[in-house]
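See below for the structure under consideration.
The values are calculated or read from the model by the stated rules, or taken from the named source; none is laboratory data. None of the values given here were measured: they were computed from a predicted structure. All Cβ positions, glycine included, derive from the backbone under ideal geometry; neighbour counts span all protein chains shown.
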Amino acid sequence: MAEAEGESLESWLNKATNPSNRQEDWEYIIGFCDQINKELEGPQIAVRLLAHKIQSPQEWEAVQALTVLEACMKNCGRRFHNEVGKFRFLNELIKVVSPKYLGDRVSEKVKTKIIELLYSWTVALPEESKIKDAYHMLKRQGIVQTDPSVPADRTLIPSPPARPKNP
Amino acid sequence: LGEESEERDDHLLPM
């Protein structure tokens with residue numbers, strides 16, 4: 001296991017989104033999630049760092065940052081959801097997909113992934129009303145035309161506890 | 001109080 005002593009949120013995220021990674025590196029992604037949970041201001045700092053990476057002009061860096069964001073939403077609980085559910089962060093995602101901001105310079109892959117994530121959170125986190133507001137604004141602007149079909153495991157809905165596998 | 005003022009300052013991006 002990697003030596004975690006002295007690692008900061010920033011250093012974990014730099015490793016998790018390093019453009020020279022050949023594939024997503026889950027050791028670093030989970031290291032970042034764990035560090036968020038350890039720090040008092042973890043979620044606030046993490047969303048700021050993530051927004052910066054998601055706006056990277058390098059597609060692979062941005063895609064990895066979105067994977068990290070998705071992992072944090074699954075592993076860092078309500079404290080993290082609350083930060084993502086603020087316009088301060090949501091606006092940073094909106095900037096990436098909107099042609100009025102960065103949208104024209106960003107790959108379709110990154111934009112599609114952002115829209116899928118936003119939609120999955122509107123389904124899984126109905127109490128985070130600002131996520132819905134942001135998503136519906138993108139629809140009104142025509143940036144989102146139809147709701148994406150998000151696989152069930154991409155949403156945050158926990159699996160039913162007593163799923164009968166062998167009825 | 002801090003949280004309340006943060007809430008007031010949190011606006012959707014103008015489009």
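At a glance:
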item	result
Filter result (modelled with pLDDT of 95 or more and of a type in the set (Val, Ile, Thr)) within the stretch A:123-145	A:Ile131, A:Ile143, A:Val144
Some residue of the stretch A:126-140 being under 21 Å from A:His52 (Cβ atoms), among the aromatic types (Phe, Trp, Tyr) and without any contact (Cβ under 8 Å) to a residue 40 or more places away in the chain	no
From the options A:Glu27, A:Glu10, A:Glu3, residue that is at pLDDT below 95 and out of contact with any Ser or Thr (no Cβ under 8 Å at 6 or more places or on another chain)	A:Glu3
Residue among A:Tyr101, A:Tyr28 that is of a type outside the set (S, T, N, Q), over 30 Å from A:Leu138 (Cα atoms) and in contact with a helix residue (DSSP H, G or I) (Cβ under 6 Å, 6 or more places away or on another chain)	A:Tyr28
Residues of the stretch A:75-122 classified as over 22 Å from A:Ser149 (Cα atoms) and of a type in the set (Gly, Ala, Ser), total	1
Some residue of the stretch A:49-71 being farther than 18 Å from A:Asn18 by Cα and surrounded by fewer than 21 Cβ atoms within 10 Å (Cβ to Cβ)	no
For A:Ser8: the one exception among (1) closer than 23 Å to A:Arg88 by Cα; (2) under 15 Å from the mean Cα position of the chain (by Cα); (3) surrounded by fewer than 14 Cβ atoms within 10 Å (Cβ to Cβ)	(2)
Test result for A:Tyr101, of a type in the set (Phe, Trp, Tyr) and either in a helix (DSSP H, G or I) or touching a Phe, Trp or Tyr at 6+ places or on another chain (Cβ under 9 Å) (or both)	no
Subset of the stretch A:36-48 (residues that are surrounded by fewer than 18 Cβ atoms within 10 Å (Cβ to Cβ) and closer than 12 Å to A:Cys72 by Cβ)	A:Asn37
Tally, over chain B, of residues that are over 18 Å from A:Asp133 (Cα atoms), within 12 Å of chain A (Cβ to nearest Cβ) and of a type in the set (A, V, I, L, M, F, W, C)	0
Residues being under 23 Å from B:Glu7 (Cα atoms) and more than 14 Å from chain B (Cβ to nearest Cβ) - total across the stretch A:73-118	6
